[in-house]
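The values are calculated or read from the model by the stated rules, or taken from the named source; none is laboratory data. Bear in mind that the values here come from a model prediction, so they are computed numbers and not experimental data. All Cβ positions, even for glycine, are placed from backbone atoms using ideal geometry, and neighbour counts span all protein chains on display. Areas reflect the complete protein model, heavy atoms only, side chains present, ligands, DNA and RNA absent. Shrake-Rupley method; radii C 1.70, N 1.55, O 1.52, S 1.80 Å.
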Amino acid sequence: EKPVTVPQLAEAKEAGRKLAMLTAYDAGFARVFDAAGVDIVLVGDSLGMVVQGHDSTLPVSVDDMAYHVAAVSRGLRRALLLADLPFQADATPERALDASTRLLQAGAGMVKLEGAGAHKLAAIRFLCAREIPVCAHLGLTPQSVLRFGGYKVQGREAAAAEQLRADALAVAEAGAAMLVLECVPSALAAEITRASPIPTIGIGAGPHCDGQVLVLHDMLGLDSGHRRPKFVKDFLAGGGSVAGAARAYVAAVRDGSFPGPEHAYD
Ligand code: KIV
Ligand code: NA
(Lines give C-alpha, C1' and ligand atoms only; values in the text may rest on other atoms or scores of the structure.)
(Ligands and ions follow the chains in the order given, each with its own letter.)
Protein backbone atom coordinates (compact mmCIF):
# COMPACT_ATOMS: atom_id res chain seq x y z
CA GLU A 1 0.00 0.00 0.00
CA LYS A 2 1.21 3.51 -0.86
CA PRO A 3 2.17 5.90 1.94
CA VAL A 4 -0.28 8.64 2.94
CA THR A 5 1.00 12.00 1.69
CA VAL A 6 0.15 15.60 2.57
CA PRO A 7 -1.68 16.29 -0.75
CA GLN A 8 -3.91 13.28 -0.04
CA LEU A 9 -5.30 15.07 3.04
CA ALA A 10 -7.02 17.67 0.83
CA GLU A 11 -8.15 14.94 -1.57
CA ALA A 12 -9.78 13.07 1.33
CA LYS A 13 -11.75 16.16 2.35
CA GLU A 14 -12.77 16.77 -1.26
CA ALA A 15 -13.96 13.15 -1.62
CA GLY A 16 -15.73 13.13 1.77
CA ARG A 17 -13.43 10.32 2.96
CA LYS A 18 -12.97 10.56 6.75
CA LEU A 19 -9.41 10.57 8.10
CA ALA A 20 -8.57 8.36 11.10
CA MET A 21 -5.76 9.57 13.39
CA LEU A 22 -4.39 8.06 16.61
CA THR A 23 -1.45 9.02 18.78
CA ALA A 24 1.48 6.66 19.34
CA TYR A 25 4.78 7.10 21.10
CA ASP A 26 6.75 3.98 20.19
CA ALA A 27 7.39 1.62 17.28
CA GLY A 28 5.27 -1.24 18.66
CA PHE A 29 1.97 0.62 18.76
CA ALA A 30 2.85 2.51 15.57
CA ARG A 31 3.24 -0.79 13.69
CA VAL A 32 -0.15 -2.10 14.87
CA PHE A 33 -1.96 1.18 14.10
CA ASP A 34 -0.35 1.39 10.67
CA ALA A 35 -1.45 -2.17 9.84
CA ALA A 36 -4.99 -1.34 11.07
CA GLY A 37 -5.30 1.39 8.43
CA VAL A 38 -4.84 4.47 10.62
CA ASP A 39 -4.16 7.30 8.15
CA ILE A 40 -2.17 9.62 10.41
CA VAL A 41 -0.14 8.69 13.50
CA LEU A 42 0.43 11.67 15.79
CA VAL A 43 3.38 11.80 18.14
CA GLY A 44 1.57 14.21 20.45
CA ASP A 45 3.11 16.24 23.22
CA SER A 46 0.38 14.46 25.20
CA LEU A 47 3.32 12.12 25.83
CA GLY A 48 4.20 14.48 28.69
CA MET A 49 1.04 13.30 30.43
CA VAL A 50 0.42 9.72 29.26
CA VAL A 51 4.05 8.54 28.97
CA GLN A 52 6.03 10.79 31.32
CA GLY A 53 3.30 11.21 33.97
CA HIS A 54 3.30 15.02 34.19
CA ASP A 55 0.00 16.81 34.73
CA SER A 56 0.38 19.03 31.67
CA THR A 57 2.23 19.04 28.33
CA LEU A 58 4.45 21.98 29.32
CA PRO A 59 7.52 19.95 30.44
CA VAL A 60 7.96 18.22 27.06
CA SER A 61 11.17 19.14 25.19
CA VAL A 62 12.17 18.97 21.53
CA ASP A 63 14.63 16.21 22.52
CA ASP A 64 11.75 14.19 24.00
CA MET A 65 9.71 14.67 20.84
CA ALA A 66 12.59 13.72 18.52
CA TYR A 67 13.23 10.52 20.50
CA HIS A 68 9.60 9.37 20.21
CA VAL A 69 9.26 10.49 16.57
CA ALA A 70 12.30 8.38 15.63
CA ALA A 71 10.82 5.34 17.41
CA VAL A 72 7.36 5.74 15.86
CA SER A 73 8.86 6.32 12.44
CA ARG A 74 10.48 2.87 12.52
CA GLY A 75 7.04 1.31 13.04
CA LEU A 76 5.29 2.98 10.10
CA ARG A 77 4.98 1.93 6.46
CA ARG A 78 1.82 3.70 5.26
CA ALA A 79 0.55 6.24 7.80
CA LEU A 80 1.61 9.90 7.73
CA LEU A 81 3.68 10.77 10.81
CA LEU A 82 2.54 14.04 12.40
CA ALA A 83 4.67 15.46 15.24
CA ASP A 84 3.84 18.17 17.78
CA LEU A 85 6.04 21.19 18.33
CA PRO A 86 6.26 21.20 22.14
CA PHE A 87 5.72 24.19 24.44
CA GLN A 88 7.62 27.29 23.19
CA ALA A 89 9.32 25.46 20.34
CA ASP A 90 7.17 27.74 18.15
CA ALA A 91 7.78 30.92 20.18
CA THR A 92 9.68 32.42 17.24
CA PRO A 93 9.72 31.39 13.58
CA GLU A 94 13.45 30.54 13.83
CA ARG A 95 12.94 28.27 16.83
CA ALA A 96 10.02 26.63 15.06
CA LEU A 97 12.20 26.00 12.01
CA ASP A 98 14.99 24.43 14.10
CA ALA A 99 12.59 22.19 16.03
CA SER A 100 10.62 21.21 12.91
CA THR A 101 13.79 20.38 11.01
CA ARG A 102 14.84 18.04 13.81
CA LEU A 103 11.43 16.35 13.86
CA LEU A 104 11.34 15.93 10.07
CA GLN A 105 14.89 14.55 10.12
CA ALA A 106 13.76 12.11 12.85
CA GLY A 107 11.03 10.84 10.49
CA ALA A 108 8.00 13.16 10.77
CA GLY A 109 6.12 14.15 7.61
CA MET A 110 4.31 17.16 9.07
CA VAL A 111 4.43 19.22 12.28
CA LYS A 112 1.59 20.57 14.42
CA LEU A 113 1.47 23.75 16.44
CA GLU A 114 -1.19 25.22 18.71
CA GLY A 115 -2.93 28.57 18.38
CA ALA A 116 -3.38 31.37 15.86
CA GLY A 117 -1.88 34.44 17.55
CA ALA A 118 0.22 36.76 15.39
CA HIS A 119 3.51 34.97 16.09
CA LYS A 120 1.91 31.55 15.55
CA LEU A 121 0.66 32.65 12.12
CA ALA A 122 4.15 34.00 11.42
CA ALA A 123 5.64 30.62 12.38
CA ILE A 124 3.17 28.78 10.11
CA ARG A 125 4.07 31.04 7.17
CA PHE A 126 7.80 30.71 7.90
CA LEU A 127 7.66 26.90 7.99
CA CYS A 128 5.43 26.56 4.91
CA ALA A 129 7.76 28.82 2.91
CA ARG A 130 10.56 26.40 3.84
CA GLU A 131 8.76 23.26 2.62
CA ILE A 132 7.61 22.07 6.04
CA PRO A 133 3.96 20.92 6.06
CA VAL A 134 2.03 22.32 9.02
CA CYS A 135 -1.08 21.22 10.89
CA ALA A 136 -2.76 23.85 13.09
CA HIS A 137 -4.56 23.10 16.40
CA LEU A 138 -7.35 25.31 17.79
CA GLY A 139 -10.00 25.20 20.51
CA LEU A 140 -8.72 23.60 23.69
CA THR A 141 -5.00 24.04 23.13
CA PRO A 142 -3.40 22.21 26.08
CA GLN A 143 -0.25 24.39 26.00
CA SER A 144 -2.58 27.29 27.02
CA VAL A 145 -3.70 25.52 30.22
CA LEU A 146 -2.33 28.21 32.57
CA ARG A 147 -4.21 31.00 30.77
CA PHE A 148 -7.39 28.87 30.47
CA GLY A 149 -7.18 27.84 34.15
CA GLY A 150 -7.87 24.20 33.28
CA TYR A 151 -8.98 21.95 30.43
CA LYS A 152 -12.33 23.39 29.34
CA VAL A 153 -14.55 23.37 26.27
CA GLN A 154 -13.73 26.41 24.09
CA GLY A 155 -15.88 28.58 21.81
CA ARG A 156 -19.15 28.45 23.75
CA GLU A 157 -19.64 32.23 24.03
CA ALA A 158 -20.51 34.19 20.86
CA ALA A 159 -17.28 36.22 20.87
CA ALA A 160 -15.10 33.14 21.41
CA ALA A 161 -16.94 31.28 18.64
CA GLU A 162 -16.39 34.20 16.27
CA GLN A 163 -12.67 34.28 17.14
CA LEU A 164 -12.41 30.54 16.48
CA ARG A 165 -14.08 30.90 13.05
CA ALA A 166 -11.64 33.69 12.15
CA ASP A 167 -8.63 31.75 13.48
CA ALA A 168 -9.57 28.67 11.45
CA LEU A 169 -9.55 30.70 8.24
CA ALA A 170 -6.34 32.50 9.26
CA VAL A 171 -4.29 29.30 9.79
CA ALA A 172 -5.38 27.97 6.39
CA GLU A 173 -4.54 31.32 4.80
CA ALA A 174 -1.09 31.15 6.46
CA GLY A 175 -0.50 27.79 4.77
CA ALA A 176 -1.61 25.10 7.22
CA ALA A 177 -2.75 21.94 5.40
CA MET A 178 -4.84 20.45 8.22
CA LEU A 179 -6.53 21.68 11.42
CA VAL A 180 -7.13 19.84 14.70
CA LEU A 181 -10.19 21.13 16.60
CA GLU A 182 -10.19 20.10 20.27
CA CYS A 183 -13.16 20.38 22.63
CA VAL A 184 -15.45 22.76 20.78
CA PRO A 185 -19.25 22.53 20.43
CA SER A 186 -20.37 20.23 17.58
CA ALA A 187 -22.35 22.89 15.74
CA LEU A 188 -19.38 25.28 15.71
CA ALA A 189 -16.98 22.53 14.56
CA ALA A 190 -19.45 21.66 11.78
CA GLU A 191 -19.61 25.30 10.66
CA ILE A 192 -15.82 25.64 10.70
CA THR A 193 -15.45 22.37 8.77
CA ARG A 194 -17.84 23.58 6.05
CA ALA A 195 -16.03 26.93 5.75
CA SER A 196 -12.50 25.51 5.96
CA PRO A 197 -10.52 24.86 2.78
CA ILE A 198 -8.37 22.36 4.72
CA PRO A 199 -9.48 19.14 6.48
CA THR A 200 -10.48 19.41 10.13
CA ILE A 201 -9.68 16.61 12.60
CA GLY A 202 -11.85 16.61 15.70
CA ILE A 203 -11.32 15.48 19.27
CA GLY A 204 -14.32 16.33 21.41
CA ALA A 205 -15.59 18.35 18.41
CA GLY A 206 -18.54 16.23 17.30
CA PRO A 207 -19.16 14.02 14.25
CA HIS A 208 -19.00 16.61 11.46
CA CYS A 209 -15.23 17.09 11.19
CA ASP A 210 -13.31 15.65 8.23
CA GLY A 211 -11.57 13.19 10.54
CA GLN A 212 -11.04 12.23 14.18
CA VAL A 213 -8.16 11.75 16.59
CA LEU A 214 -7.88 10.04 19.97
CA VAL A 215 -4.99 9.51 22.36
CA LEU A 216 -3.81 5.88 22.33
CA HIS A 217 -4.27 5.39 26.08
CA ASP A 218 -7.84 6.77 25.92
CA MET A 219 -8.93 4.53 23.02
CA LEU A 220 -7.62 1.52 24.95
CA GLY A 221 -9.50 2.54 28.10
CA LEU A 222 -6.42 2.95 30.28
CA ASP A 223 -7.04 4.74 33.56
CA SER A 224 -5.13 8.03 33.29
CA GLY A 225 -5.66 9.02 36.92
CA HIS A 226 -7.62 12.00 35.59
CA ARG A 227 -11.37 12.33 35.01
CA ARG A 228 -12.20 10.69 31.68
CA PRO A 229 -13.49 13.31 29.20
CA LYS A 230 -16.84 12.51 27.56
CA PHE A 231 -15.39 12.35 24.02
CA VAL A 232 -13.32 9.27 24.90
CA LYS A 233 -14.40 5.79 23.85
CA ASP A 234 -12.76 2.53 24.93
CA PHE A 235 -12.38 0.55 21.69
CA LEU A 236 -10.52 -2.30 23.41
CA ALA A 237 -13.71 -3.29 25.23
CA GLY A 238 -15.35 -4.41 21.97
CA GLY A 239 -12.21 -4.89 19.90
CA GLY A 240 -10.73 -7.83 21.83
CA SER A 241 -7.09 -6.90 21.14
CA VAL A 242 -5.05 -3.76 20.49
CA ALA A 243 -5.12 -4.50 16.75
CA GLY A 244 -8.88 -5.18 16.92
CA ALA A 245 -9.44 -1.94 18.84
CA ALA A 246 -7.51 0.03 16.22
CA ARG A 247 -9.46 -1.60 13.37
CA ALA A 248 -12.76 -0.88 15.16
CA TYR A 249 -11.71 2.74 15.67
CA VAL A 250 -10.76 3.19 12.00
CA ALA A 251 -14.03 1.58 10.86
CA ALA A 252 -16.12 3.74 13.22
CA VAL A 253 -14.40 6.96 12.09
CA ARG A 254 -14.75 6.04 8.40
CA ASP A 255 -18.47 5.17 8.64
CA GLY A 256 -19.24 8.12 10.92
CA SER A 257 -20.48 6.03 13.86
CA PHE A 258 -17.78 7.51 16.13
CA PRO A 259 -18.11 10.01 17.68
CA GLY A 260 -21.75 9.59 18.69
CA PRO A 261 -23.92 12.29 20.30
CA GLU A 262 -22.83 11.04 23.74
CA HIS A 263 -19.19 11.97 22.88
CA ALA A 264 -19.99 15.56 21.80
CA TYR A 265 -20.34 18.96 23.48
CA ASP A 266 -23.04 21.51 22.74
O1 KIV B 1 -0.80 15.81 21.97
C2 KIV B 1 -1.80 15.24 21.49
O3 KIV B 1 -2.03 14.03 21.68
C4 KIV B 1 -2.71 16.04 20.67
C5 KIV B 1 -4.02 15.44 20.27
C6 KIV B 1 -4.91 15.24 21.44
C7 KIV B 1 -4.70 16.19 19.19
O8 KIV B 1 -2.38 17.15 20.35
NA1 NA C 1 -0.60 17.99 21.44
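Of the beta bridges in the chain, as assigned by DSSP with both residues counted there, near 0 percent are antiparallel. When the trypsin sites (Lys or Arg not before Pro) in the stretch 161-260 are filtered for DSSP coil states and for at most 15 other beta-carbon atoms within 10 Å of their beta-carbon, the remaining sites are Arg227, Lys230. In this simple spin-label approximation, Glu162 and Gln88 carry label points 7 Å from Cα along the Cα→Cβ vector, and these lie 3.4 nm apart.
Within the stretch 33-94, the trypsin sites (Lys or Arg not before Pro) that combine a DSSP coil assignment with at most 11 other C-beta atoms in a 10 angstrom radius are Arg77. The charge dipole of the chain, taken about the Cα centre with unit charges on the Cβ atoms of Lys, Arg (+1) and Asp, Glu (-1), comes to about 340 debye, rounded to the nearest 20. Backbone phi angles across the stretch 64-70, fed through the Karplus curve with coefficients 6.51, -1.76 and 1.60 (θ = phi - 60°), yield HN-Hα couplings of 4, 4, 5, 4, 6, 4, 4 Hz in residue order; Gly and Pro are listed as x. Looking at the stretch 139-235, the GluC sites (Glu not before Pro) that sit in a DSSP loop and have at most 15 other Cβ atoms within 10 Å of their own Cβ are Glu157.
Need the C-alpha centroid separation for the stretch 53-130 versus the stretch 19-44, integer Å. One Cα centre to the other: 17 Å.
When we measure straight from the Cα of Lys2, which lysines land under 28 angstrom away, once same-chain ones fewer than 8 places off are left out? Answer for Lys2, where 28 Å is the Cα cut-off: Lys13, Lys18, Lys112, listed by chain and number. For the stretch 63-221, the solvent-accessible area of protein heavy atoms averages 38 Å² per residue (probe radius 1.4 Å; ligands and nucleic acids excluded). With an a/c value of 1.5 or above and a/b not larger than b/c for the gyration tensor axes a ≥ b ≥ c computed over the alpha-carbon atoms, the stretch 119-198 is described as oblate. Taking each residue as 0.36 nm, the span from Glu173 to Ala122 lengthens on full extension beyond its C-alpha to C-alpha distance by 17.2 nm.
Backbone phi angles across the stretch 14-29, fed through the Karplus curve with coefficients 6.51, -1.76 and 1.60 (θ = phi - 60°), yield HN-Hα couplings of 4, 7, x, 8, 6, 9, 9, 10, 9, 8, 8, 10, 8, 5, x, 5 Hz in residue order; Gly and Pro are listed as x. Taking the charge dipole of the chain about its Cα centre, with +1 at Lys and Arg Cβ atoms and -1 at Asp and Glu Cβ atoms, the residue from Leu214, Leu138, Phe148 reaching farthest to the positive side is Leu214.
Got a sec? What order do Leu127, Leu121 fall in by accessible area at 1.4 Å, biggest, i.e. largest, first?
Leu121, Leu127
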